[in-house]
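Notes follow the structure.
The values are calculated or read from the model by the stated rules, or taken from the named source; none is laboratory data. Here the structure is a predicted model, which means the values were calculated and not measured. Every residue, glycine as well, gets a Cβ built from its backbone with ideal geometry; the counts of neighbours run over all protein chains shown. Ligands, DNA and RNA are stripped out before the accessible areas are found, and what is left, the full protein with its side chains, is counted by its heavy atoms. Shrake-Rupley method; radii C 1.70, N 1.55, O 1.52, S 1.80 Å.
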Number of protein chains: 2
Amino acid sequence: MKEVNNSELDERLETVDVFLGDRSYGIQIGNRLLERLSDLMAEAGWNSKHAVLVADSQIPQLSQIVSSGLESSGWRVSTCYIPSGEGSKSVEQASRLWQQMLDSNTDRGSTVIALGGGVVGDLAGFAAATFARGLPLLQIPTTLLSQVDSSVGGKTGINLPGAKNIVGAFWQPRMVVIDLQTLNSLPHREFVSGLAEVVKYGVILLPELFEYLDTNAQSILDKQPAALSHIIAESCRAKALVVAEDERETTGRRAILNYGHTFAHALESVCGYGKLLHGEAVAIGMQMAARLALSLGRISSELVERQESLLKKLQLPVACPGGLSVEQLWKVMQHDKKVEHGKLRFILPSRMGQVELVNGIEQEAAIKAMQVA
Amino acid sequence: MKEVNNSELDERLETVDVFLGDRSYGIQIGNRLLERLSDLMAEAGWNSKHAVLVADSQIPQLSQIVSSGLESSGWRVSTCYIPSGEGSKSVEQASRLWQQMLDSNTDRGSTVIALGGGVVGDLAGFAAATFARGLPLLQIPTTLLSQVDSSVGGKTGINLPGAKNIVGAFWQPRMVVIDLQTLNSLPHREFVSGLAEVVKYGVILLPELFEYLDTNAQSILDKQPAALSHIIAESCRAKALVVAEDERETTGRRAILNYGHTFAHALESVCGYGKLLHGEAVAIGMQMAARLALSLGRISSELVERQESLLKKLQLPVACPGGLSVEQLWKVMQHDKKVEHGKLRFILPSRMGQVELVNGIEQEAAIKAMQVA
């Protein structure tokens, strides 16, 4: 286990290599990396000098840091602001972005930079994958959730009415830059929400990460750079390992990343998207999944309790918001892709650091796991 | 040289393998292949049972043959008709197609079938590349031009106002089926136009194909299956060789396919798209390029004359339509991507079956080559 060390406050703290053959890339994690972007890009062998900076409209100050830094190194920067929120992952926004790219003379020699959370990353990534049949992409995730989740894996895409992420591409970034200082402007509740995905990596793959979170919860909540850097790097490594085994979601291995997510999607849908943050729903969903595994005799109560205790310590919810109908949750889950002949499939833990896909879960068992909450 | 043999009228006549690592696929060429589609797909290991058939609205009878054949083999077929013409390569049509795919319950297990010319192939290919982040694609090109050109290479895409093919993806089909009978319903002028691209493969890469065209011009114009099958297969082989060396247009090798095309694009633009068919413009453009090469001392007049004689024999135009301003053509070419510091780059022949990218062509030489026409 790595000690939290506050002396390493500056610059790059961790590098994670994502191995995907000729699509391999590095994730740079540290402080004040936005200012040094052109150096990092030069180090990575970038020879482009025109960037399309696709930025969340709520973070103009970060966008300014990126564009000034690049411009002072001789880059031409075309900035496109994207309204915050899931609504921006639309055909209309993609179309607007393509047109802006065309109007700013974007060509094969240009680079797309995505600056923001998952929405901006998905939309800008899709534009990068499709403009001129593919441009180099630099991801700069600015929320904890996007840093530990959507910036690794190469999934990009937009929504159609009634279907999330249904149009998109697998498009790997050429580099991911995670500047810890972007987390300072993130609302605390959103920061905490992102921690749920970190706990997830612990339970599904990395017992040591789970231990680390338990031991260093306060340092993490205080956003101490060394602690943040460590948990982000470990999360990215975990996801990168899984993605490398199943880049295009063909072997089923990538499904383990959905631990807690079948319940979470139902919770988000029944509560109305946005009421419950994604990570909050995942935290509750993981508790439901763990209780389900317990009721099936797959794990002991110790794991359920350890997970609950850690989630609480990290200020995450572990129980259903009041007034939710369990029957309604079940109905929504039946529309989920994981349904087969009226029975559900779940990713369930078998011990700390290991999960399995379990088929044929009966309604009764699932409902019971949700009700205890 | 292969003899034209009219006894081979039935079924598969040629197979061309396109080698692209794990994206390799076969091109099946023959008669009455549309009726046998489900067999061909089963042979190729297809295990999908739902097809999204994207068809040109002008060929409902061919679409009917495909869907009946598949349905009688237990497939579910969702047909989407696309209006004829370049205007269908738009964000709006792509968006409509995505929505139709969603409404017909298209998922990762579905297959997209493109039935039509280049426009349908490009649009359906783009939808296949992006729906659910990528579906298997079967290309059934029904025009000679799309059979020898756009069905090989994996380029898919749509236009934005003012920019052709600017949004798209490289997405290889899993199989290409070329049914020679689809050419029977093609207007003669369009058929002849497609022959220009076949002549191109002869000049840039295959002297034997050039000879074959010269010897068998009448059989080809009479659409004798063995002759058609041979020239289509050789054209696909030539393009497949070039594409295999430069799948994503990074090495520059793919540029040789643009022989005659810088002039052709200018001609199409100045005449107004549609007035001059693409192949007609390519035929005139190749004569301009050959004359330019002659004026630079790169080839002898024999090649220019042989090319002109073959184009004429195949009923293709070799000279500019009357009333065109050469200065206007030059101006349009300067907006083309091949411009560098006011000088132009052209693909020029150095001998029969070999071309080179030549930089720094002066205005005077290019204009002279156009004027002789």
Report summary line: Within region B:43-60, residues part of a helix (DSSP H, G or I) and touching a residue at least 12 places away in the same chain (Cβ under 8 Å) come out as B:P60
Query - Residues of region A:247-276 classified as open to solvent by 30 Å² or more (accessible area, probe 1.4 Å), away from chain B (no Cβ under 14 Å) and within 21 Å of A:S235 (Cβ to Cβ), total - result: 3
Query - Only one of A:L348, A:L310 that is under 21 Å from the mean Cα position of the chain (by Cα), modelled with pLDDT of 90 or more and not in a helix (DSSP H, G or I) - result: A:L348
**Report entry** Criterion violated by B:A163 - all others in (1) touching a helix residue (DSSP H, G or I) at 6+ places or on another chain (Cβ under 9 Å); (2) more than 11 Å from chain A (Cβ to nearest Cβ); (3) farther than 30 Å from B:R108 by Cα satisfied
**Finding:** (2)
Report summary line: Within region B:145-198, restricting to residues that are small (G, A, S) and in a strand (DSSP E or B), the one that is nearest to B:L115 (Cα to Cα) is B:G157
Report summary line: Of the residues in region A:280-301, those that are in contact (Cβ under 8 Å) with a residue 40 or more places away in the chain and assigned to a loop (DSSP other than H, G, I, E, B) come to A:L296, A:R298, A:I299
Report task. Starting from region A:202-231, keep only residues that are among the basic types (K, R), then list their pairs with residues that are in a helix (DSSP H, G or I) whose Cβ atoms are within a distance under 8 Å, requiring at least 6 positions of separation or different chains. Result -> A:K223/A:L180; A:K223/A:L183; A:K223/A:N184; A:K223/A:F191
Query - Condition check for B:V243: within 14 Å of chain A (Cβ to nearest Cβ) and open to solvent by less than 10 Å² (accessible area, probe 1.4 Å) - result: yes
Query raised in the report: Is it the case that region A:268-279 has a residue that's part of a helix (DSSP H, G or I), under 14 Å from the mean Cα position of the chain (by Cα) and at pLDDT 90 or above?
Result: yes
Report task. Would you mind finding the one in B:D17, B:D39 that is part of a strand (DSSP E or B) and open to solvent by 60 Å² or more (accessible area, probe 1.4 Å)? Result -> B:D17
Requested in this report: List every residue pair whose Cβ atoms lie under 9 Å apart, where the two residues are 6 or more positions apart in sequence or sit on different chains, the first residue falls within region A:234-248 and is closer than 16 Å to A:E14 by Cα, and the second residue, located anywhere, is open to solvent by 50 Å² or more (accessible area, probe 1.4 Å) and part of a helix (DSSP H, G or I).
Outcome: A:E234/A:E208
Query raised in the report: List the pairs whose first member sits in region A:86-110 and is facing chain B (nearest Cβ under 9 Å), whose second member is part of a loop (DSSP other than H, G, I, E, B), and whose Cβ atoms are under 6 Å apart, counting only residues at least 6 apart or on separate chains?
Result: A:R108/A:A132
Query raised in the report: What about B:T156, is it over 17 Å from the mean Cα position of the chain (by Cα), within 25 Å of A:K164 (Cβ to Cβ) and either surrounded by fewer than 24 Cβ atoms within 10 Å (Cβ to Cβ) or without any contact (Cβ under 8 Å) to a residue 40 or more places away in the chain (or both)?
Result: no
Query - Matching residues in region A:179-198 - criterion: being within 24 Å of A:A238 (Cβ to Cβ), among the polar types (S, T, N, Q) and surrounded by fewer than 22 Cβ atoms within 10 Å (Cβ to Cβ) - result: A:Q181
